[in-house]
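A.B. asks: Handing you a structure now.
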Amino acid sequence: MKYKYPGSCPVCGSEMTISRLTCTRCPTKMEGEFAACKFCRLPDEQIEFIEVFIKCRGSIKDVEKELGISYPTVRNRLEGVIQALGYRLENTDSQVDVENRERILQALESGEISSQEAVRRLKKSAK
């Protein structure tokens, strides 16, 4: 039976390293200190999110539908994965503004909100 690589020590929480590799076809074994990939250290929930994100080709709207979660939740999960992989998050205020305007305009186009409500929301987001 194969087990998932435990990314962190169950005792102290530090990173685990792989110290022994065995060939599945022949009796070859290697010992040493081997690093696991960054993705191997992620919890199952984040790996599942990444799989859905890739399947949806990075479309946040499609990820929302697939997982049944809101836009802010998708963004938060994506940012959590980015941080867990060891990357620093840039200040994305302007990107958030653009995406917020796009959501408002999509809601207007689909008839979810009136033009007056769209104007109100756009003015509010500009402040």
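A.B. asks: Using only alpha carbon pairs under 8 Å that are at least six residues apart, calculate the relative contact order of the chain and give it in whole percent.
C.D. replies: 13 percent
A.B. asks: Accessible area per residue of the chain at 1.4 Å probe, in Å²?
C.D. replies: 78 Å²
A.B. asks: Still on this structure, please answer the following. Carbon and sulfur: what percent of the chain's accessible surface (1.4 Å probe)?
C.D. replies: That fraction is 53 percent.
A.B. asks: Averaging over every viewing direction, what projected area does the convex hull of the Cα atoms of the chain cover, in nm²?
C.D. replies: So the mean shadow area of the Cα hull is 11.9 nm².
A.B. asks: Can you list the residues, at least 5 places off or on another chain, whose amide H is less than 5 Å from the amide H of Ile113, using H built in the peptide plane?
C.D. replies: Counting only residues 5 or more places away or on other chains, the set is Leu108.
A.B. asks: Would you please give the residues with an amide H less than 5 Å from that of Ala36, counting only those at least 5 places away or on a separate chain, with H modeled from the backbone geometry?
C.D. replies: HN-HN under 5 Å from Ala36: Ile18.
A.B. asks: Can you compute 3J(HN,Hα) from phi for each residue in segment 64-73, using the Karplus curve 6.51 cos²θ - 1.76 cosθ + 1.60 with θ = phi - 60°, rounded to whole Hz and x for Gly and Pro?
C.D. replies: 3, 5, 4, 9, x, 10, 7, 3, x, 5
A.B. asks: Here's something else I'd like to know. May I ask you to rank Met1, Met30 by accessible area, largest first, using a 1.4 Å probe over the protein chains only?
C.D. replies: So the residues, ranked largest to smallest area, are Met1, Met30.
A.B. asks: Can you tell me which lysines have their Cα less than 26 Å from the Cα of Lys4? Leave out same-chain residues fewer than eight positions away.
C.D. replies: Partners within reach: Lys29, Lys38, Lys55.
A.B. asks: Within straight cross-link reach of Lys61, meaning Cα distance under 13 Å, which aspartates and glutamates are found once same-chain residues fewer than 8 apart are removed?
C.D. replies: Glu99, Glu102
A.B. asks: With every protein chain present, what accessible area does Asp44 have (1.4 Å probe, heavy atoms only), rounded to the nearest 10 Å²?
C.D. replies: 80 Å²
A.B. asks: Separate question: To the nearest 500 deg cm²/dmol, what mean residue ellipticity at 222 nm is calculated for the chain from DSSP H runs of n ≥ 4 alone, each contributing -39,500 (n - 2.57), summed and divided by the residues?
C.D. replies: It comes out at -15500 deg cm²/dmol, rounded to the nearest 500.
The values are calculated or read from the model by the stated rules, or taken from the named source; none is laboratory data. What you see is a predicted model; the values in this text were computed from it and never measured. Note: areas computed on protein heavy atoms with side chains; ligands, DNA, RNA excluded. Shrake-Rupley method; radii C 1.70, N 1.55, O 1.52, S 1.80 Å.
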